[in-house]
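Please read the structure below before turning to the comments.
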Amino acid sequence: MPARPPGDAPSVASRPVASPPGASHRLISPVESQLVASGAGDTSAFAELYEDLAPRLHGLVLRILRDEHQAEEVTQEVFLEIWQTCHRFDPDRGTALSWLMTLAHHRAVDRVRGSEARRRRDTRDAERSRPAAFDQTAETAHATIDAQSVHAALARLSPVQREALELAYFGGYTHTEVSRLLELPLGTAKTRIRDGLLRLRGLLATMAVDPA
């Protein structure tokens, strides 16, 4: 597990923290309490959040990057981003855990894209001297278009459908793991994934017929 980011306060015993506005009629998870307190500048709450969540976020990042060294670096970057942006967390748009997992997923995907871009730059001269066959070029172009279409379609899903699909298909989690991460009954998690996937397919089919 990566070490705590430099400059953080040491972990202390749990203590009551302020609840987010409008939260009086719902249960507040320990993660959400820590996140809200961190957003108010509580470094001890942030240290507790790190101790509780670092292994889980590191695991998600490692599953995407498949490189321990890079996963440790990215996990540190994720917690720095959490500290800088936790005041933006909105409980009405999803759970605290899904918000944190999404930050980690996006940061890991950005690292993958950056690595791919560097590899492309390293081989660009060689590729220019050896033009690719038409079929290979066409396949690459279609793959790029497909990826762009999927991201555009995901943006049009409801927040609950999108977070479930991102965990299941981009994060690689099973339905059971998604239900645990989102703190939902298994049946509800499966329904969100199924409905989101059906909606995604419909959007992609529409975009294929009318790209505009």
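For A143, the requirement of being loosely packed, with under 12 Cβ neighbours inside 10 Å and modelled with pLDDT of 75 or more is not met. State whether the residues of the range 37-46 include one that is without any contact (Cβ under 8 Å) to a residue 40 or more places away in the chain, surrounded by 15 or more Cβ atoms within 10 Å (Cβ to Cβ), within 14 Å of the chain's Cα centre (by Cα) and part of a helix (DSSP H, G or I). Checking the range 37-46: not a single residue is without any contact (Cβ under 8 Å) to a residue 40 or more places away in the chain, surrounded by 15 or more Cβ atoms within 10 Å (Cβ to Cβ), within 14 Å of the chain's Cα centre (by Cα) and part of a helix (DSSP H, G or I).
If you go through the range 154-180 and keep only what is among the charged types (D, E, K, R) and out of contact with any Ser or Thr (no Cβ under 8 Å at 6 or more places or on another chain), you end up with R156, R162, E177, R180. Just one of the listed residues (A117, A132, A96) is in contact with a Leu (Cβ under 8 Å, 6 or more places away or on another chain) and at pLDDT below 95, and it is A96.
Among the residues of the range 77-93, the ones that are touching a Lys or Arg at 6+ places or on another chain (Cβ under 9 Å) and either touching a residue at least 60 places away in the same chain (Cβ under 8 Å) or part of a loop (DSSP other than H, G, I, E, B) (or both) come to 2 in all. Pairs please, first residue from the range 58-73 and outside the structural domain of L167 (by TED's automatic domain parsing), second anywhere and of a type in the set (D, E) and in a helix (DSSP H, G or I), Cβ atoms under 8 Å, 6+ apart in sequence or on different chains. What qualifies is H58/E72; L62/E68.
The values are calculated or read from the model by the stated rules, or taken from the named source; none is laboratory data. Given the structure is predicted, the values throughout are model-derived calculations rather than measurements. As a convention, Cβ positions derive from the backbone with ideal geometry for all residues, glycine included, and neighbour counts pool all protein chains shown.
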